[in-house]
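Only one structure is covered here, and it is reproduced in the block below.
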Amino acid sequence: MIETQRPIFIIGCPRSGTTLLRLILDSHPNISCGPETQFLEDLQTIVGRHWIRIERYGFEKNYWYQKIGDFFDSFQMEYAAKRGKKRWAEKSPNYTMKLGFINALFPKSQFIHIIRDGRDVVASHRDRWGYKAGIRSIRTWRNHVKSAVKFGKKSPKNCYYELRYEELVKNTEKTLLPLFEFLQEPWDANVLKYNEIEHNNGPEYETLAEYRRQSNNDNSLIYTSQVGAGQKSLDPFLRVLFNLRCGELMEELGYQ
């Protein structure tokens, strides 16, 4: 059995840069961050809505937490070892709403919360999935950010870390150096060349990234053209709705 080091979870609202951060971490020689799994949400039902059935077996909830955690850890560690790495990370934005459960499975985890300007998140949802998706994403952004921030306030300093998407894309190395100190991993410049490393991405990621570069005439590996997109492109209805629901949170986060 491979000895497990502290798991890493990348959390945040969808369209906030979690995939970029996943590729960066996966480029580190010690860290394996494979494609997002999402299915811990399904496994939570064992100790959630299906508990009334499973408790008849006579085992306490902690027993099932251990079973679920062992299963998830086993394939992540085997995948990491196959790639010559010793530590695993997981990127699934939906887990941001399941942090209590995740922490119960892996109490030694480290969580990286990436926050992006909510207006840009709304614009990204709208452009990718349509106007109604943009409207729904206002609540999604608020709920995800609030959930993670609340969790972070209750967590030890060595368990929870926040970074901003805008800082990551504009000052990448400067932003990443303290992140890897938090993870207690040595700095490795390969993380700045993540495009040269295989990551088991779906084909849609490369297609979409290339489309954005061409659309915005930005050929940078980590492009900054989407920073501020929401401020420029949200129509009056989306702008007012966002301000009503998220204006206070935006101020708390320090966004103008």
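The values are calculated or read from the model by the stated rules, or taken from the named source; none is laboratory data. Being a predicted model, the structure only gives us computed values, none of them experimental. Please note: Cβ atoms are built from the backbone with ideal geometry, for glycine as well, and neighbour counts cover all protein chains shown.
Across the stretch 64-99, which residue is farthest from Ile24 (Cα to Cα) among those that are among the acidic types (Asp, Glu) and within 21 Å of the chain's Cα centre (by Cα)?
Per the criteria, the residue is Asp73.
Could you tell me how many of the residues in the stretch 153-171 are surrounded by fewer than 18 Cβ atoms within 10 Å (Cβ to Cβ) and either more than 14 Å from the chain's Cα centre (by Cα) or among the polar types (S, T, N, Q) (or both)?
Of the residues in the stretch 153-171, the ones surrounded by fewer than 18 Cβ atoms within 10 Å (Cβ to Cβ) are 153-159, 162, 167, 170-171.
Still in the running and either more than 14 Å from the chain's Cα centre (by Cα) or among the polar types (S, T, N, Q) (or both): 153-159, 167, 170-171.
Counting residues in the stretch 153-171 that are surrounded by fewer than 18 Cβ atoms within 10 Å (Cβ to Cβ) and either more than 14 Å from the chain's Cα centre (by Cα) or among the polar types (S, T, N, Q) (or both) gives 10.
Assuming Trp51 fulfils every condition listed in (1) at pLDDT 95 or above; (2) crowded, with 17+ Cβ neighbours inside 10 Å apart from one, which condition is it?
Checking Trp51 against (1) at pLDDT 95 or above; (2) crowded, with 17+ Cβ neighbours inside 10 Å, the one that fails is (2).
Considering only residues of the stretch 127-152 that are hydrophobic (A, V, I, L, M, F, W, C) and in contact with a Cys (Cβ under 9 Å, 6 or more places away or on another chain), which is surrounded by the fewest Cβ atoms within 10 Å (Cβ to Cβ)?
Result: Ile138.
Looking only at the stretch 93-112, decide whether some residue is of a type in the set (S, T, N, Q), assigned to a helix (DSSP H, G or I) and over 27 Å from His199 (Cβ atoms).
Within the stretch 93-112, not a single residue is of a type in the set (S, T, N, Q), assigned to a helix (DSSP H, G or I) and over 27 Å from His199 (Cβ atoms).
Hey, any hits in the stretch 16-35 for a residue that's charged (D, E, K, R) and in contact with a strand residue (DSSP E or B) (Cβ under 8 Å, 6 or more places away or on another chain)?
Yes, the stretch 16-35 has at least one match.
Of the residues Gly34, Gly48, which is free of Cβ contacts under 8 Å to residues at least 60 places away in the same chain, more than 30 Å from Arg239 (Cβ to Cβ) and of a type in the set (Gly, Ala, Ser)?
None of the other options fit; the residue is Gly48.
If Asp127 meets every condition in (1) in a helix (DSSP H, G or I); (2) at pLDDT 95 or above; (3) touching a Ser or Thr at 6+ places or on another chain (Cβ under 9 Å) apart from one, which number is that one?
Failing condition for Asp127: (2).
Counting only residues that are in contact with a Phe, Trp or Tyr (Cβ under 9 Å, 6 or more places away or on another chain), charged (D, E, K, R) and within 30 Å of Arg139 (Cα to Cα), how many does the stretch 40-99 have?
Number satisfying all stated conditions: 3.
Taking the criterion of being part of a strand (DSSP E or B), of a type in the set (A, V, I, L, M, F, W, C) and surrounded by 19 or more Cβ atoms within 10 Å (Cβ to Cβ), would at least one residue in the stretch 62-85 satisfy it? Before you say what the answer is, go through the steps one by one.
Taking the stretch 62-85 and keeping what is part of a strand (DSSP E or B), we get none.
Within the stretch 62-85 (the criterion being part of a strand (DSSP E or B), of a type in the set (A, V, I, L, M, F, W, C) and surrounded by 19 or more Cβ atoms within 10 Å (Cβ to Cβ)), the answer is no, since none of the residues qualifies.
Which of the residues belonging to the stretch 172-185 are surrounded by 15 or more Cβ atoms within 10 Å (Cβ to Cβ) and hydrophobic (A, V, I, L, M, F, W, C)? Talk me through it step by step, then tell me what you get.
Quick first cut of the stretch 172-185, residues surrounded by 15 or more Cβ atoms within 10 Å (Cβ to Cβ) only: 172, 175-176, 179-180, 182-183, 185.
Residues satisfying the conditions are Leu176, Leu179, Phe180, Phe182, Leu183.
Can Gln184 be described as more than 18 Å from Gly17 (Cβ to Cβ), modelled with pLDDT under 95 and not charged (D, E, K, R)?
No; evaluated as a whole, the condition is false for this residue.
Can you tell me which residue in the stretch 211-245 is modelled with the lowest pLDDT, limited to those that are in a helix (DSSP H, G or I) and over 16 Å from Gly134 (Cβ atoms)?
Taking the stretch 211-245 first, the residues in a helix (DSSP H, G or I) are 211-215, 229-233, 236-245.
Narrowing further to those that are over 16 Å from Gly134 (Cβ atoms): 211-215.
On the way: Tyr211: 60, Arg212: 61, Arg213: 57, Gln214: 61, Ser215: 64.
So the residue we want is Arg213.
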